[in-house]
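Take a look at the structure set out below.
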Ligand SMILES: [Zn+2]
């Protein structure tokens, strides 16, 4: 244990995902030794991320405006909607340059043990969106793990009620138990182009 502010900083850093106690300590001491200007830039970035970034009204992706860049882009096919868990999954799929439709970010996956049910995710917004717009295909691109599969299965059941809607799922080949964002581009491109109706 260190004194006061140093320990507070280590504690705060240690709460970040993927930062263990050792890393938290290393980052804290790095920051202690950093130039004032570097700290000011970091502070500024942290502040702006809370003040300036919102979630897109339509798809739930992180955005600087009410509607995100992808939803505003008239060249993107509004009839194809790719459903993902997190904004970082949008980035992963965008990197493949394979998909020219729009997205819908759920904000997580069903996980009853952690208290995450359908109401905690942006599922209702997805159904409204499909009902109001002329969506012809929904691509389920939830993570290839237990929660992601459960979420896809749940959505498949709900989406059956929409006549004329094709629901597809990414082709297998993605490493099971993983996170979409960790799949390499080639694997993800193949999974996307080989998607099958469910
Ligand atoms: Zn959007």
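Readers should treat all values here as calculations from the given coordinates under stated rules, not as data from a laboratory. Nothing here was measured: the structure is a model prediction, and the numbers come from that model.
Observations, loosely collected:
- Helix 146-159 axis versus longest C-alpha principal axis of the chain: approximately 40°, rounded to the nearest ten.
- Overall shape: prolate for the range 127-169, with the ratio a/c of the largest to smallest alpha carbon gyration tensor axis at 1.5 or above and a/b above b/c.
- Estimated D of the range 4-52 in µm² per second, where Rh is the Kirkwood radius over Cα pairs and Stokes-Einstein applies at 37 °C, 0.692 mPa s: 285 µm²/s
- By DSSP, the beta bridges lying fully in the chain are antiparallel in about 30 percent of cases.
- Shape call, the range 91-138: gyration tensor on alpha carbons, a/c limit 1.5: oblate
- Computed log10 I(q)/I(0) for the range 64-158 at 0.14, 0.22, 0.25, 0.26 Å⁻¹: -0.50, -1.22, -1.49, -1.56, from the Debye equation with unit scatterers placed on every C-alpha and solvent omitted.
- Once the Cα atoms are used to define both axes, helix 123-132 deviates from the longest principal axis of the chain by about 40 degrees.
- Prolate/oblate/rounded label for the chain (Cα gyration tensor, a/c 1.5): prolate
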